[in-house]
Every structure is written in structure tokens, then in C-alpha cells.
1. Label B:K8 and B:T188 with points 7 Å out from Cα along Cα→Cβ: what is the distance between them in nm?
2. I need the calculated FRET efficiency for the pair A:Y283 and A:E306, taking r as the beta carbon distance and R₀ as 25 Å, to the nearest 0.05.
3. For the pairs A:K214/A:K314; A:K225/A:K325; A:K278/A:K325; B:K13/B:K206, note any where the Cα-Cα span goes beyond 18 Å.
4. Using 0.36 nm per residue of separation minus the Cα-Cα distance, give me the extension gain between B:E261 and B:K293 in nm, one decimal.
5. Quick check of the Kirkwood formula: for chain B, what is the inverse mean of 1/r over all pairs of different Cα atoms, in Å?
6. Dividing the convex hull volume of the Cα atoms of the protein assembly as shown by its residue count, what figure in Å³ per residue is obtained?
7. Take B:K318, project a point 7 Å from its Cα along the Cβ direction, then tell me which residues of segment A:71-104 have their backbone nitrogen under 19 Å from it.
8. Compute from the Cα atoms of segment B:277-322 the Rg and the Dmax, the latter being the longest Cα-Cα distance, and quote both in angstrom.
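A short reminder: the numbers here are calculations on the coordinates, not readings from a lab. Only a predicted model underlies this, so the values are computations on that prediction, with no experimental measurement involved. Heads up, the Cβs are rebuilt from the backbone with ideal geometry, glycines too, and the neighbour counts pull from every protein chain shown.
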Amino acid sequence: MRSIQFREALREAMQEEMRRDETVFLMGEEVAEYDGAYKVSQGMLAEFGDKRVIDTPIAELGFAGIGVGAAMNGLRPVIEFMTFNFSLVAIDQVINSAAKMMSMSGGQFTVPIVFRGPTASAGMLSSQHSQAFDNWYANTPGLKVIVPSNPYDAKGLLKSAIRDNDPVIFMESEQMYGEKGEVPEEEYLIPIGKADVKRVGTDVTLVSFGKIIKTCFAAAEELEKEGISCEIIDLRTIRPIDYDTVLDSVRKTNRLVIVEEAWPLGSIATEVTFKVQKDAFDYLDAPILRVTSADVPLPYAPTLIEAALPNANKVIAAVKQVMYK
Amino acid sequence: MAKARFSKEQYLKWYEEMLLWRRFEEKAGQLYIQQRIRGFCHLYIGQEAVVAGATSVIRHDDNMISAYRDHVHPIAKGVHPNAIMAELMAKITGCSKGKGGSMHMFSAEHRFFGGHGIVGGQIPLGAGIAFADKYNGSDRVTLCYMGDGAVRQGALHEAFNMAMLWKLPVIFIIENNNYAMGTSVERTTNVLELHKIGLSYEMPSKAVNGMSVEDVHDATEWAVNHARGGNGPVLLEVKTYRFRGHSMSDPGKYRTKEEVEEYKKQDPIEQVLNTLKKNKWINDAEIDAIDEKIKAIVEESVRFAEESPYPDASELYKDVYVQDDYPYIIE
């Protein structure tokens, strides 16, 4: 099978959906003439023209709201945030408009929109450019939230997101855009809300999603050498969460470590932990542990980043702790 | 006597609809005091000409969106008063199925895109509704209403800039009643003439006497022709006045009784009635007949709302997602 970059997978998803449906358009900062701040939309202006690939001024609140209004009136916008850090100035339109419109109109107005862009840390960018708000958006009813971890999932899930009739938050990573993965030539869709068992194992379940799941793969390889078998579940969608896949795995391994790039309080890890203790309490042979970002703004210095972010060593330590080794 | 600017039929229509809205809002105020309407309740009394002078211009298929002082706009757009009163009373027969309340009236059928509760939030939405029409090659226009308080929000400036940049067919209408809740325009800005904000974006902008339905009609006609003609957005600052408080819990200490009385002398409904009388287009019997007819409509809306059921508890998990099997967390 051919191998393509994460950014190419996203681009193909948008191109295919725009060829299929005239109402789909892409709007955001630098998406058109600049070919995308991270080259995700490279070539799309040339193919679709400036009616459907639209550069905006730096006005996230304004163009997020214009996207929601357009979706209420029959279009299917894909709104790109250069990063989700900048979505904070637009969050009123995401939470108060997109997520609420269907409910407060008694079902009359729906908002088939995708807000997409990179999330979380991406090198030495300091505090304002390194935040994972995945769990913030996942907290809000009315939204769906997708955080893919490889090109194959990214393409199939973005196509589903664009076709979905509900507002979808689609969170990528600057550090993944150049990563390659196998993606078939043929069209495919991946359903929203389904987790994927990325590695089968027997001793401990690792639950993660997005870019940071790589720390789980690295840890699992090391632990394999020591005879510890890790099962890795990629949630892929964090609203809704596929609890059943997690519960099935924990009932098999009896041990759970959750790895997430958000801050610890009120994280997806917290939520999954609640669900597992409630529905699989008797299956647990050890307390559930989590590896998250440190409970501080992410600083600039590499030593502090190393100390703050989840990494393979921290995951290995957590796994050994739940194994009592 | 100066010749009336519009036909007898037009004045009669304005009189009847504005009087209906006035009586409807008076009733809503009474019901709120009796706690039969809950939540917040922002009445439109005094501002009727702002909407009446616009709906006499636009087409049925044009779009409208507004803020949270929104009981009257949807009625003007064709929504039955029963559906508004039922929504105020949180009934399933309300125009938003009892899920929106006073601040969130909606009607897809009448292309009323809602009452919105975050000040200024509806301004980019209005631009976006117009964006979709332009994208689809439709010649509909969007009327996007806001209060004078919303002019201070960043959302307005971002939306104005892009609406001009992309020549969107939207008419922004500031209903300047001079008070953002209890804070006067003078206390929030050095730019007292709010229509001048549009000039910052080179948007055609105009101040309008909002106590005169004729003036609002003329200004809206100019604005609609401009926007429908593909020339982009227009800003109207309609100077109006609310005779009641910001909401039902407003002590009103920020303005004088004399000021309120002064504006009541310019009551837009009285002005239209005077025109009808001066032209001998209406007699006392006809005025009484209109009063009775309107009273019956308002009473019927209350009866309809009272007799309608609240939403059943099973409605809680409906209308949140289009996906009908969305797996809610239910514990």
C-alpha cells in the first residue's frame, strides 16, 4: 500500500469531500494563497478557486461565527484554526452557537460544520502555543470531538466529520503533519465514536489518543523486552467515547494506564477512570494510573518540557507500578 | 395638511401589527409578574417601528436574526403569536419546543434564525447566513439586528470587516435605545453616533429616526436595494427607545421619568394612528374593532399556551444531535 503524510491524508479527505459536495468549503487564515500555514491545504485554491478555499483576516471569532451562520443556512463549512490555541478567541461561537443551536431552536437549525487544526505541544513554543484543549471541547454536549493519531485514521475520520450533520471538532498536531502512514488509494470512511485496538496485549491496557499515543508504542516495545505485554487502545474520538472497547480490554488485562497530553484535572483520563471503576471495578488488579501533562503552563526550556510532557519512560514507570514490578 | 407618505392600507397594516405587538408584550409583562413566564424577559415596547418599517420592505424568504429582545421579530416575520406565547411559557407547542424560552425564539419555516443571548454573538452569524446565500447565488438578504451595547463587542468589528471584504448581502441594524442594560451610550464610547462605526469599514451607513415607521421603511428600502443589488452590507443605526426597563427586573434608576415621558410623546403607534385619523382613514368604531380583534388574538395566545403541555421528560435527549442514536452518558 502507498504511504502518505498526515497532512496529505487530511488534504485528500477535504478534496474528495469538496469534489463530492458543492456545499463544502474551506475557510481560515492562510489556507488559500499561502497554501496553508502547515501546507495541509496545498493546491486546494488552484483546484477549487477562491469561492471555496477562502483566506480570512486574523479574526477567529468572526470567521468561526460566519461559518456557523453559513452552516445554519445550508452549507457545510470546514473552518481551520491555525492552532486550537487561537480557537480560544472563537470559543463563544463554538460553544454558545454551534453546540447549542439545534437544542435551543427545538431541532430546527442544525450546524454541520468542522472546526479543525492542530492541538497541544509542538516543540519549544512556550505556554500559549502548546495547549491541549481536547477535553474542554469534549465536555460540551452538542459537539463531537475527534483526535486522530495516524494518516489512515485522519483521512477516514475527517471525511466522516465533513459528512456528519453535527458540529465536529477535529484536532491534529503540527508534529504529525509530516509523518507518513499507509493510506489506500480507494475511498473509505471511519465511523465517529469507535475506538481502535492499535496493539493487542495481555498484561496491561494503555488508553490514549492523538499524537501522544506514540509514547505508548515506544513504552510497549521496551516493556515487551521485559516480558510485559501491553494492549494499546486509540480512542480516536473523545466525544462520544467508545467505553465498551476500553472496558472489554480492561476485563481482559485487569490493569489500566491512561496517557493524555491535557492537564490532569477534569481530563479524558479522569473520565475513563470513572467509567472503568464504575463498570469494571471487580476486574481491576491495581489502581488505574494516568500520565498527563504536568499541572503547569508548558514552559520554553527543553529540560522543563521534558519534565512536563508524557514520555515513554513515564509510561513505562506507570505500567510497572500497576504490574507491581 | 401634508400628504401622507404611504397608502391607507399600509398605515392600517402598520397600526394593527404594531398594536398587536404592544399588547402582546404588555401581556407578557403581566404574565411575568405573575410568574407564569419565567427566566429573563426583555420587552420590545416602544421599539415597534424598528421592525414594522423593515418587514414592510423585505420579502418573505429574506432572513432575519436578532439578539434576545426577540418576541416581536418572529411575529413580524410571520410566526403565530400562539407559538411565541407558548415558548414564553416553556410549552412543547412553543416555536422552539420550550427549549429556548424568551431569548431563543426560532422559526426555520419563516427564516427567523433566532434570538441569541450572548451580546453580539448573532452578528457574525448574520454575516454567515448572508455568506451562504451569496455562495448559493440566492438574492435573499439578511436583516441582522443588535442593540447599542453589541457595538462594543469584538464580534461586530470582525464581522463588519469580513462582510465588507466579501460584499455579503446583510443589513446590520443597530436598535439604539440608548441604554445597554443600565449603561448609556455616552458612558461607553466617544463615538456617540453609532452609525459612524460602519464608516471605519467603508460600509454605507445611516442614522434613522426609529420612532417613525415611515423613516425606518425608507431607510430599509435603501439598504435592501443596496444589499440585494450585490453591493454588500449596509449599517442602519435606528434611534429608538424602550419604554420599559432592560428586563423585567430593571429598577430604572439610570434615566429620569421625564426622559421616558418625552419619548412616550413620540410613540410610533400613536404617530401612525394620528396619520390615520388626520386623513379620516379610520373612525372610532374601527379603532375599537381593531382593539377588540387584537385583544382576542393575545387572549387566544395565552389560552393556547396555558392549555399546552410542558415538554415531556423524554424530550431531554432530543434535538441535541442530528445523529439519532448518539450515545449520551446516562448514569
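1. For the pair B:K8/B:T188, the computed spacing is 4.4 nm.
2. Numbers: r = 35 Å, r/R0 = 1.38.
E(calc), rounded to 0.05, equals 0.15.
3. Over 18 Å apart, Cα to Cα: A:K278/A:K325; B:K13/B:K206.
4. Values: separation 32, 0.36 × 32 = 11.52 nm, distance 2.81 nm.
Extra length available between B:E261 and B:K293 comes to 8.7 nm.
5. On the way: mean 1/r = 0.0487 Å⁻¹.
For chain B, the Kirkwood estimate is 20.6 Å.
6. Working: hull volume 109.2 nm³, N = 656.
Taking only Cα atoms, the protein assembly as shown has a hull volume of 166 Å³ per residue.
7. Answer for this model: A:100-104.
8. Final numbers for Rg and Dmax: 20.2, 57 Å.
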